[in-house]
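The values are calculated or read from the model by the stated rules, or taken from the named source; none is laboratory data. None of the values given here were measured: they were computed from a predicted structure. Counting neighbours? That spans all protein chains shown, and the Cβs are built from the backbone with ideal geometry, glycine included. The area values use the complete protein model at the heavy-atom level, side chains included, leaving out ligands, DNA and RNA. Shrake-Rupley method; radii C 1.70, N 1.55, O 1.52, S 1.80 Å.
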Amino acid sequence: MNVAVVGTGYVGLVTGAVFADLGNDVICVDKDRTKIDMLERGEMPLYEPGLEEMVHRNAGDGRLRFTTDLACTVRRSDIIFIAVGTPPQANGESDLSAVEEVALGIADVLDRYKVIVNKSTVPVGTGDMVRDLICRNRRRPVEFDVVSNPEFLREGSAIEDTLRPDRIVVGVPNQQVAVTLLELYAPLERPMIITDVHSAEMIKYASNAFLATKISFVNAIASICEQAGADVTQVAKGMGLDARIGAAFLQPGLGYGGSCFPKDTESLIQTAGRFGYDFSLLRAVVDVNREQTVRFVSLMRKVLDPLEGRVVGVLGLAFKPKTDDMREARSVEVIRALVQGGASVRAYDPAAIANARAILPAAVEYCPSPYEAASGADAVAVVTEWNEFKLLNLERLRGLMRRPLVFDGRNVYEPGRMRRLRFEYYSVGRGPVFPG
Ligand code: NAD
């Protein structure tokens, strides 16, 4: 099929590469000329394991092309995926201006029947809005369908998630267009849910809100464990083995970040409000998430008192491992608070340093290794659970530090081991460890 993907971010670029890999003729469009220039030179504008190889292979075989020309791309395509950003507005609602802009661009050149698929995460009713916008602005009275096909990939495993998703959700206005989507996705041989557009739009938000709820739930349990002398790791394990609960998303820590959960929870709260429902449960989830970082920083302040003049090594900047994405990363709040409190920050991340420089305070010193970040530090704070940190030589790390003090915001280390290694060690939902 002739496929267009508009937006070459984490979702659009991966989607385009995978559709090309399945044998389709794909053009990826972005309005960001720098990104398209990079892609045309064979450079990746973002870090995602396996993506570069897949892009090179399909571009080399002529199945995957890149352009800034939306009009030409729409004309030659049968099916157009919208995968542009839908960032939060100040009031928590989703900013749909990029989706609207693309819809208007499509309307302007619509010359024959096309399927327009919304892959961006958008509030229920956006499919109707896109349909109306195109109807009102098309130059010729040609038919088209608007489909909702929300994306569930996770950054860091986006290729694998796109090739082998748990399910593919497709919200369609009629059966004919469902067949087109079934054909496109058939080679993946994965479970497909064919439903109406509104339900598909809601499935995405309900799923992300539920996952965020699991995270905040276990973090709330962790807070009680800390006071009660229980070990949240054991508690989560005991809960997770119950098949009705499941172990996924029950890892306590600094809370969720990234470009999806924070904005999608806020957006669903706003959507619920528009329909007259006060989603107080989800508001509590957001509050618990926010408190996790506040609690972590206040613990650091208390233990390091005074913070002023201290050196803190921060391990991990990206919002989660295996990505360079800094959007809503917990590291931002932690580091800002440390710098505001007068501490010097030495930071290390395997992939996100370039993106971090643009966001974090200028005073942050970036280090080429975790050991250099820990050198001369009064404390190390683990903020992202990269595998690399689990495998550190902790004896070497301790030897480099001024004080053997670790704040583990992701429960990367085992308290018994930290005690044996004579660290003073604080984690989430487990009692503190003191040397000796
Ligand atoms: P992104 O910010 O990485 O990429 C969006 C791209 O769209 C950018 O390259 C931008 O230049 C481009 N763009 C914006 N307006 C455009 C326009 N008018 N014409 C052409 N290109 C335009 O975003 P992302 O992380 O890929 O997310 C895209 C959507 O998918 C969002 O709605 C997001 O919520 C959703 N989503 C993201 C993830 C994820 O893990 N990142 C997972 C599932 C769903």
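Couple of notes before you dig in:
- Which numbered condition Ile116 fails, given (1) assigned to a loop (DSSP other than H, G, I, E, B); (2) free of Cβ contacts under 8 Å to residues at least 40 places away in the same chain; (3) open to solvent by less than 10 Å² (accessible area, probe 1.4 Å): (1)
- Exactly one residue out of Phe319, Phe261 is within 16 Å of the ligand (Cβ to nearest atom), out of contact with any strand residue (DSSP E or B) (no Cβ under 8 Å at 6 or more places or on another chain), within 26 Å of Val339 (Cα to Cα) and open to solvent by 10 Å² or more (accessible area, probe 1.4 Å): that is Phe319.
- When residues of the stretch 77-87 are limited to those that are more than 9 Å from the ligand (Cβ to nearest atom) and surrounded by 18 or more Cβ atoms within 10 Å (Cβ to Cβ), the one nearest to Val124 (Cα to Cα): Phe81
- Residue list for the stretch 153-184, restricted to those being open to solvent by less than 20 Å² (accessible area, probe 1.4 Å) and either touching a strand residue (DSSP E or B) at 6+ places or on another chain (Cβ under 6 Å) or over 28 Å from Cys260 (Cα atoms) (or both): Ile168, Val169, Val170, Gly171, Val172, Val177, Ala178, Leu181
- Some residue of the stretch 237-258 being closer than 28 Å to Val147 by Cβ and within 16 Å of the ligand (Cβ to nearest atom): yes
- Among the candidates Gly16, Gly7, the residue that is buried (at least 19 other Cβ atoms within 10 Å of the Cβ) and within 17 Å of the chain's Cα centre (by Cα) is uniquely Gly7.
- Members of the stretch 250-274 that are assigned to a loop (DSSP other than H, G, I, E, B) and closer than 24 Å to Thr86 by Cα: Gly255, Tyr256, Gly257, Gly258, Ser259, Cys260
- The stretch 133-152: number of residues that are within 15 Å of the ligand (Cβ to nearest atom), without any contact (Cβ under 8 Å) to a residue 60 or more places away in the chain and either in a loop (DSSP other than H, G, I, E, B) or open to solvent by 30 Å² or more (accessible area, probe 1.4 Å) (or both): 3
- Just one of the listed residues (Glu155, Glu101) is closer than 19 Å to Gly7 by Cα, at pLDDT 95 or above and either within 12 Å of the ligand (Cβ to nearest atom) or in the same structural domain as Ile203 (by TED's automatic domain parsing) (or both), and it is Glu101.
- Residue list for the stretch 89-98, filter: of a type in the set (S, T, N, Q) and either under 25 Å from Met1 (Cα atoms) or not in a loop (DSSP other than H, G, I, E, B) (or both): Ser94, Ser97
- Only one of Ala354, Ala343 that is open to solvent by 40 Å² or more (accessible area, probe 1.4 Å), hydrophobic (A, V, I, L, M, F, W, C) and not assigned by TED's automatic domain parsing to the domain that holds Leu153: Ala354
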